[in-house]
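Visitor: My structure is below; once you've seen it, I'll send some questions.
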Amino acid sequence: MEKYILALDQGTTSSRALIFNKKGEIVGISQEEFRQIFPKPGWVEHDPMEIWNSQLNTALAVFEKTGIKASQIAAIGITNQRETTVLWDKRSGQPVHNAIVWQDRRTAGICDAITVRKSRHHQRKNRTRCDAYFSEPRFNGFWTMSRVYERAENGELCFGTIDSWLVWNLSKGKSHLLTVPMLPERCC
């Protein structure tokens, strides 16, 4: 039985699934767009369940189009929005809030305050400048929501970028891969 690679391409405006043969050729592709949410100026969000459902739909559609069975998949690769973050309940799997997209600027004030504080004391060499683009300030931004900090302290929540969210769902909650470096001096 021939084996294939399934690639999940979860982008900012749509999800795609591609199947590659052993020569690296695309043998099937499916794509589905999802909604963009703009609750306030400078804020950009996605519904994590829409992301998961669109990614699942595209995978099922590409299997149907090609006639390839899941048992023929040797590996799955994920490419994604990278800095978009999701916070979800560990037991139910339900998102606590919409995903905060990499384009979102709501934590710019946090980053500005950190940059001012660092410049007063000292600036470390070879460190990434704090910017709202990065995942880590958004992690801090989630704590401003009611009960989030308390629930996280109790071990009830999972946090991660979109690839973490997809892996968690694909594994039915068995794998949580935190891809955000949680080094306080990196950015915050």
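Visitor: Tell me, yes or no, whether the range 39-59 has at least one residue that is open to solvent by 20 Å² or more (accessible area, probe 1.4 Å) and over 29 Å from Cys158 (Cβ atoms).
Guide: yes
Visitor: Which of the residues belonging to the range 78-102 are of a type in the set (Val, Ile, Thr) and either closer than 20 Å to Pro39 by Cα or open to solvent by less than 10 Å² (accessible area, probe 1.4 Å) (or both)?
Guide: Thr84, Thr85, Val86, Val96, Ile100, Val101
Visitor: Would you mind finding the one in Arg16, Arg35 that is open to solvent by 70 Å² or more (accessible area, probe 1.4 Å) and part of a loop (DSSP other than H, G, I, E, B)?
Guide: Arg35
Visitor: Would you pick out the residues in the range 19-32 that are more than 22 Å from Trp168 (Cβ to Cβ) and either part of a helix (DSSP H, G or I) or open to solvent by 20 Å² or more (accessible area, probe 1.4 Å) (or both)?
Guide: Phe20, Asn21, Lys22, Lys23, Gly24, Glu25, Ile26, Val27, Ile29, Gln31
Visitor: Out of everything in the range 1-13 that is open to solvent by 20 Å² or more (accessible area, probe 1.4 Å) and of a type in the set (S, T, N, Q), what residue ends up being nearest to Thr85 (Cα to Cα)?
Guide: Thr12
The values are calculated or read from the model by the stated rules, or taken from the named source; none is laboratory data. All values reported here derive from a predicted model rather than from experimental measurement. We place every Cβ from the backbone using ideal geometry, glycine too, and count neighbours over all the protein chains shown. What goes into the accessible areas is simple: the full protein's heavy atoms, side chains included, and nothing from ligands, DNA or RNA. Shrake-Rupley method; radii C 1.70, N 1.55, O 1.52, S 1.80 Å.
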